[in-house]
Amino acid sequence: MYRIEKDSLGEKKIPSEALYGIHSERARNNFPGNTHFPVEWYKAVGITKLACYNTYRKFRNAAESRSGKELPFKMIPEDILDSLCTSAKEVAEGKYFDHFIIPSVQGGAGTSINMNINEIIANAALSRCGHKYGDYKYIDPFEHANVYQSTNDVIPSALTVAVMKLLQALEEKINCLRQKVEEYEKKTGRDTLRCNLQSRLHLVYFSAHTMKLCRATGGGYPNVLRGSNKSTWVAEQSEQAYPCPASLLWKLSLNYAD
């Protein structure tokens, strides 16, 4: 079973149960390949989108309270915004990844990545609100899921979040190895000639791996942030939803146009 979706270039058949839409389908045809897209990056886009929606809600509430009357431009209703937030959280947890059809190697500076996830979020939100997939007159991938966003901001920011969360996991592994080093520093061994001789084999083994992993990180988190796009509001919003070192370290640099 298929549904028909339209854009400025024409029409395309999309599987009825697919959360992706016509823009993702065109991108898949334009960039054929089966290179695996990192699920960590996919989840990080969900975190970034959630930060965008939370910031939009704050902006809308502030604008309405200061105006004291109906705004001269249309804002996203609360029920739709809530549904978008829920969908973004689900993406951040890795849900719907099987509906992400864009290969890892593709052009367009991340536009196809952004649109595929916009369509996933929009269609998941549509279903939650009782509408059919692709019924974009209620929740649109552009007007709603991508509200006040740019691919050039969302995708690099999400990549930074993904890297920071991976570095956080690596740091946890390094700390486990350090604990092993401390554990074996206190152990003694026995051989045929002497008793209570300090055993160095495991100590050296775990120390070597610990130092190797520490060097592989490039000397710490801040190095990763050099030359990357960053935003304090993304940091603040992501810290509230998914605490990680990235949200703290972003505040060290404000060079948003770097």
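The values are calculated or read from the model by the stated rules, or taken from the named source; none is laboratory data. The shown structure was predicted, so the numbers you read here are calculated from the model rather than taken from an experiment. Positions of Cβ are backbone-derived with ideal geometry, glycine not excepted, and every protein chain shown enters the neighbour counts.
Couple of notes before you dig in:
- Some residue of the stretch 96-106 being part of a helix (DSSP H, G or I) and either within 13 Å of the chain's Cα centre (by Cα) or among the aromatic types (Phe, Trp, Tyr) (or both): yes
- Set side by side, the residues 70, 90 differ, and just one is of a type outside the set (Phe, Trp, Tyr) and modelled with pLDDT of 95 or more, which is 90.
- Residue ID - surrounded by the fewest Cβ atoms within 10 Å (Cβ to Cβ), chosen from residues in the stretch 26-51 that are under 30 Å from residue 11 (Cβ atoms) and at pLDDT 95 or above: 42
- Extreme residue, surrounded by the most Cβ atoms within 10 Å (Cβ to Cβ), among residues of the stretch 52-84 that are in a helix (DSSP H, G or I) and small (Gly, Ala, Ser): 83
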